[in-house]
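Before any comments, here is the structure.
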Amino acid sequence: MLCAASCRSLEITPAALREKGGRAPERAVALARWEESIGLMNEFLASSCRRTLPEGRFALAGEGMTFTSASGQTWPIQVCATTWGDLVVAIGFRAQEGQCGFCVGATQLQPGEARDGLLDNTFFRHPQGFWEDAASLAEVTLHETTHVVLREGTIGPWNTLGYYLVLLTCWSGVEHPAERLPYATSAEFERFLAERAHGPAGAGLLSWRAR
Ligand SMILES: [Zn+2]
């Protein structure tokens, strides 16, 4: 499609992170954080905060993530660092959904770091290089999974074209109609985190902060 053979596409998987090479100690930390995010997402999905996504569970195997709904349907949620992801990051987003998961882009390096494509991407790191925590990995995964499962946004070439045409008329991605359900999941997850940290009063704190 848009991508020629010269385009970069690197699938980020636990198996790849366990292979020899790259910055091995940091890969182990990143993988542990990814596993922690799976636990957080499953806790969220089992909670009363989940409303938009169907009931279900995430699993992380060597070849990557899957989401399986309570009715037994399974979606692969692949994470790929791609040239298209670099463009998405350049226009201010962290990730973009596709049929089988989402793509992310490259991040800046800290002084003295040698690039490790499996780590230096916007799944694990902020574009400026600091590390995202497990809650942040969970948030981006839940948001993009909402796009994939509910088929909202850039799922397929025509929807992708339509998405960007509409985006040109919106102030930001947040106001895009295809983002309504994914951002609902993001807000539900934020409420879950607040309640988890502070009890039911945490949700009150959140609505006060939102004003
Ligand atoms: Zn989105």
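The numbers here are math on the coordinates, done by the rules we state, and not lab data. Computed from a predicted model, the values in this text were never measured in an experiment. Positions of Cβ are generated from backbone atoms using ideal geometry, with glycine treated the same way; all protein chains shown enter the neighbour counts.
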Practice task
Choose one answer from Gly56, Gly39, Gly112: the residue with the largest mean-square fluctuation in a GNM of the chain with alpha-carbon springs under 10 Å.
Solution key: Gly112
Problem - Separation in nanometres of the label points that stand 7 Å from Cα toward Cβ, at Arg8 and Lys20 - result: 2.4
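Which whole-number percentage describes the relative contact order of the chain, with Cα contacts under 8 Å and a sequence gap of 6 or more? Working shown, then result.
Values: 328 pairs, mean separation 38.7, N = 211.
Relative contact order, the chain: 18 percent.
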Practice task
Counting other Cβ atoms within 10 Å, keep those with at most 15, restrict to DSSP loop, and tell me which GluC sites (Glu not before Pro) in region 9-80 are left.
Solution key: Glu19, Glu55, Glu63
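Fully extended, how many nm does the chain gain between Ala90 and Leu165 (0.36 nm per residue separation, minus their Cα-Cα distance)? The partial results should precede the final answer.
Details: separation 75, 0.36 × 75 = 27.00 nm, distance 1.76 nm.
Extending this stretch completely gives an extra 25.2 nm.
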Problem - Cα-projected label distance for Ser48 with Trp131, points at 7 Å along beta-carbon direction, nm - result: 3.6
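Take the alpha carbon atoms of region 9-210, find their radius of gyration, then divide it by 2.2 N^0.38 Å using N residues; give the quotient.
Numbers: Rg = 16.7 Å, N = 202, 2.2 N^0.38 = 16.5 Å.
Expressed relative to 2.2 N^0.38 Å, the Cα Rg reads 1.01.
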Exercise for the section: Go ahead and set up a Gaussian network model of the chain, Cα springs under 10 Å, then flag whichever of Leu40, Leu161, Leu60 fluctuates most. Expected result: Leu161
Exercise for the section: Take the chain, connect every pair of alpha-carbon atoms lying under 10 Å apart with a spring to form a Gaussian network, then pick out the residue of Trp34, Trp158, Trp84 with the largest mean-square fluctuation. Expected result: Trp158
Completion exercise
Residue-normalised 222 nm signal for the chain, counting each DSSP H run of n ≥ 4 as -39,500 (n - 2.57), nearest 500 deg cm²/dmol, is -14000 deg cm²/dmol
Problem - Rounded if a/c under 1.5, otherwise prolate or oblate - region 1-103, Cα gyration tensor axes - result: oblate
